[in-house]
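Report on the following structure.
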C-alpha cells in the first residue's frame with residue numbers, strides 16, 4: 001500500500017513507499033497530514049515532477065469502484081459502499097416536521113415562495129451524486145490525477161420497451177396502450193414466470209400479466225409497473241386468486257430500473273464537473289473478460305482506467321457512514337394492552353383509522369381495543385452533541401467495541417457484541433475513543 005504525499009503548499013505529488021515515509025517522519029522532514037488515507041506533507045520545497053495517472057470510476061447506485069493507474073502500476077483501488085435508505089430518512093424527517101408544525105395555532109403561508117434551480121435533483125439522488133463527487137475530489141487531493149474516465153450508461157428505459165420511440169412519444173409514458181405496457185413488463189421479467197415454484201414445463205409457455213395487489217383492502221388494480229408481474233397461465237388461474245391460495249396475499253419484489261434511471265440522471269453532471277471522459281459498460285466488460293478478471297467494482301474501475309498488465313494494489317474497501325442524526329426531536333409512542341390478544345401495542349397501531357374526511361376512505365377504528373396504558377408517550381429534544389456517534393470504535397476492558405449510540409443524556413455508551421450481552425450500556429467515562437468514523441472511511445471487519 002502506497003503512502004500519499006503532498007508538498008508544503010498542499011499540492012499532490014507522486015506517492016511513496018511506507019519505508020520512505022517512515023524515514024521522512026523520523027527526520028522531521030514531513031508531518032502527518034491525513035490518516036484516512038494516510039498522507040504525509042513535506043516540510044521542504046521540492047520539484048513538481050509527476051507521472052501521468054488515470055483515474056477510473058465505476059459509477060453506481062449502491063457501490064462505486066475506483067482505480068488510479070500509472071503506466072507500470074495501480075496506485076490505489078477498491079470500492080465504496082454507499083449509504084442507502086435516504087428516502088426513508090427524508091420521510092421520517094417530514095413526519096417529525098409535520099407533527100411539530102401542527103402544534104402551532106397559526107403559521108404564515110409558505111407554499112408559493114420556493115424556487116428550484118434548473119440543475120435541481122431530488123434529495124435521494126443528490127446524496128448519491130455528492131458521494132461520487134466527494135470520492136473523486138478526495139482522490140485528486142492526494143494524487144496528481146491527469147485524466148479521469150467515468151464508466152456510465154445512458155439507459156433509455158422507454159426505448160427498452162419500444163425501440164422505435166421518437167419525438168413526442170416520450171411524453172406519453174410507459175403506460176400508454178396496454179400492449180406497450182405488457183411488453184415492458186415481460187421484458188423486465190425476462191419473459192419468465194416469476195413464481196419460484198412454477199411447475200409449468202411446456203416449451204411454449206403462455207405468459208400473462210398479474211395485478212399483485214388485487215387482494216388488498218381496498219384492492220390495488222392499477223396498471224403501474226410496480227403492481228404488475230409476469231406469470232404463466234398455469235399459475236395465473238382463477239383458483240389461485242382465491243383466499244388461502246398462491247396469489248392471495250403474495251407480495252413479490254419486482255425488478256426496478258432505479259439504478260439505471262439514477263445513472264441517466266447524473267452522468268452528464270459528473271462528466272461536466274470533472275471534465276472526464278465517458279466509458280460504457282459493454283467496453284469495460286469486454287476488457288475485463290479479455291484480462292480474465294472477476295466481476296467486481298474494483299476490476300471494472302481498473303479496466304475503465306485502461307489498466308492492462310500493471311501491478312495491482314490491494315483492494316481498499318470503503319463505506320459511507322452517516323455523519324449525524326439531524327433530527328433533534330424524537331417521539332416515543334405510548335404503549336397499551338391490546339384487549340384482544342393481551343399483548344403490548346403502540347398507540348399508532350391501535351388508532352382510530354381516520355386518514356381523510358371522507359368516511360368511506362377511512363380504516364377500521366382500533367382505538368376501542370386499547371386497554372391499560374403501560375408506557376406513557378413522550379417527546380425528547382437533543383440539546384447537545386454527544387461524545388460518540390454510531391459506528392465509532394471505543395476501548396472498554398482492553399477490548400475494542402463498536403458504538404451503537406448514547407443513552408441517559410450522554411452518560412452511557414451502548415456497545416455491540418459484548419460477551420453474553422447483545423447491546424451493553426457502559427459508563428462513558430470508562431471507555432476510550434479508538435476511531436471516529438464519519439463520511440467515507442475504511443471498513444473495519
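The values are calculated or read from the model by the stated rules, or taken from the named source; none is laboratory data. Quick caveat: nothing in here was measured; it's all calculated off a predicted structure. A quick note on method: Cβ atoms are made from the backbone with ideal geometry, for glycine too, and the neighbour counts reach across all protein chains shown.
I'm told residue 275 meets every condition in (1) at pLDDT 90 or above; (2) in contact with a helix residue (DSSP H, G or I) (Cβ under 7 Å, 6 or more places away or on another chain); (3) closer than 30 Å to residue 121 by Cβ except one. Can you identify the failing condition by its number?
Unmet for residue 275, out of (1) at pLDDT 90 or above; (2) in contact with a helix residue (DSSP H, G or I) (Cβ under 7 Å, 6 or more places away or on another chain); (3) closer than 30 Å to residue 121 by Cβ: (2).
Regarding residue 25, is this residue under 28 Å from residue 132 (Cα atoms) and either surrounded by fewer than 20 Cβ atoms within 10 Å (Cβ to Cβ) or free of Cβ contacts under 8 Å to residues at least 40 places away in the same chain (or both)?
Answer is no for this residue.
Residue under question is residue 386, and the condition is that it be at pLDDT below 90, touching a strand residue (DSSP E or B) at 6+ places or on another chain (Cβ under 6 Å) and within 30 Å of residue 416 (Cβ to Cβ); does it hold?
Yes; evaluated as a whole, the condition is true for this residue.
Which condition number does residue 272 fail, the rest of (1) free of Cβ contacts under 8 Å to residues at least 40 places away in the same chain; (2) within 26 Å of the chain's Cα centre (by Cα); (3) not in a helix (DSSP H, G or I) being met?
Exception for residue 272: condition (3).
Would you please name the residue that is surrounded by the most Cβ atoms within 10 Å (Cβ to Cβ), looking only at residues in segment 36-65 that are modelled with pLDDT under 85 and within 33 Å of the chain's Cα centre (by Cα)?
37
Would you confirm whether or not segment 383-393 contains a residue that is part of a strand (DSSP E or B) and surrounded by fewer than 16 Cβ atoms within 10 Å (Cβ to Cβ)?
Of the residues in segment 383-393, the ones part of a strand (DSSP E or B) are 393.
Next cut, surrounded by fewer than 16 Cβ atoms within 10 Å (Cβ to Cβ) only: none.
The answer is no, given that none of the residues of segment 383-393 is part of a strand (DSSP E or B) and surrounded by fewer than 16 Cβ atoms within 10 Å (Cβ to Cβ).
Could you look through segment 208-227, keep only residues that are over 30 Å from the mean Cα position of the chain (by Cα) and assigned to a helix (DSSP H, G or I), and pick out the one that is farthest from residue 182 (Cα to Cα)?
215
For segment 131-149, enumerate the residues that are more than 28 Å from residue 84 (Cβ to Cβ) and outside any loop (DSSP other than H, G, I, E, B).
Hit for segment 131-149 is 147, nothing else.
Given (1) touching a helix residue (DSSP H, G or I) at 6+ places or on another chain (Cβ under 9 Å); (2) within 30 Å of residue 217 (Cα to Cα); (3) buried (at least 16 other Cβ atoms within 10 Å of the Cβ), where does residue 413 come up short, assuming only one miss?
(2)
So residue 422 ticks every box in (1) surrounded by fewer than 11 Cβ atoms within 10 Å (Cβ to Cβ); (2) under 30 Å from residue 38 (Cα atoms) but one. Which box is left unticked?
Condition (2) is where residue 422 drops out.
When only residues in segment 286-315 that are more than 17 Å from residue 75 (Cβ to Cβ) and without any contact (Cβ under 8 Å) to a residue 12 or more places away in the chain count, which is farthest from the chain's Cα centre (by Cα)?
290
Conditions tested, residue by residue: (1) over 29 Å from residue 346 (Cα atoms); (2) at pLDDT 90 or above; (3) not assigned by TED's automatic domain parsing to the domain that holds residue 345.
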residue: 372; (1), (2), (3): no, yes, no
residue: 398; (1), (2), (3): yes, yes, yes
residue: 410; (1), (2), (3): no, no, yes
residue: 424; (1), (2), (3): no, yes, yes
